[in-house]
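S.K.: Have a look at the structure that comes next, please.
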Amino acid sequence: MQKHVKTYLTHHNIGIEEIWHCDICGKQDYIQRLQIHHKTYRSQGGKDNIENLQCLCFSCNFKIHNG
């Protein structure tokens, strides 16, 4: 498991088998189907801290990365 995913799960006290929600559209799904997104990309100096992470569904994450 990637460090930033573990950081997000631990901070929100949720397990890998639990239902969670997209921080943008609110869609609920199992946490393992959702994607942890960096608000400021690591390539642009973003960190793996909780303030820089959000949980997104595939559709919202795709829209951010592909316009």
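S.K.: May I ask you to list pairs of residues, at least six apart or on different chains, whose Cβ atoms are under 7 Å apart, with the first in region 47-61 being within 23 Å of residue 28 (Cβ to Cβ) and the second being among the acidic types (Asp, Glu) and surrounded by fewer than 18 Cβ atoms within 10 Å (Cβ to Cβ)?
M.R.: What qualifies is 54/23; 55/23; 56/23; 57/29.
S.K.: Looking only at region 11-26, count every residue that is of a type in the set (Gly, Ala, Ser) and either in contact (Cβ under 8 Å) with a residue 40 or more places away in the chain or open to solvent by 50 Å² or more (accessible area, probe 1.4 Å) (or both) and tell me the total.
M.R.: 0
S.K.: Could you grab me the full set of residues in region 47-64 that are within 24 Å of residue 13 (Cα to Cα), loosely packed, with under 15 Cβ neighbours inside 10 Å and not aliphatic (A, V, I, L, M)?
M.R.: Of the residues in region 47-64, the ones within 24 Å of residue 13 (Cα to Cα) are 47-58, 60-61.
Checking which are loosely packed, with under 15 Cβ neighbours inside 10 Å leaves us with 47, 49-51, 58.
If the condition is that a residue be within 24 Å of residue 13 (Cα to Cα), loosely packed, with under 15 Cβ neighbours inside 10 Å and not aliphatic (A, V, I, L, M), then 47, 49, 51, 58 are the ones that fit.
The values are calculated or read from the model by the stated rules, or taken from the named source; none is laboratory data. The model shown is predicted, which means the values in this text are computed figures rather than measured ones. As a convention, Cβ positions derive from the backbone with ideal geometry for all residues, glycine included, and neighbour counts pool all protein chains shown. What goes into the accessible areas is simple: the full protein's heavy atoms, side chains included, and nothing from ligands, DNA or RNA. Shrake-Rupley method; radii C 1.70, N 1.55, O 1.52, S 1.80 Å.
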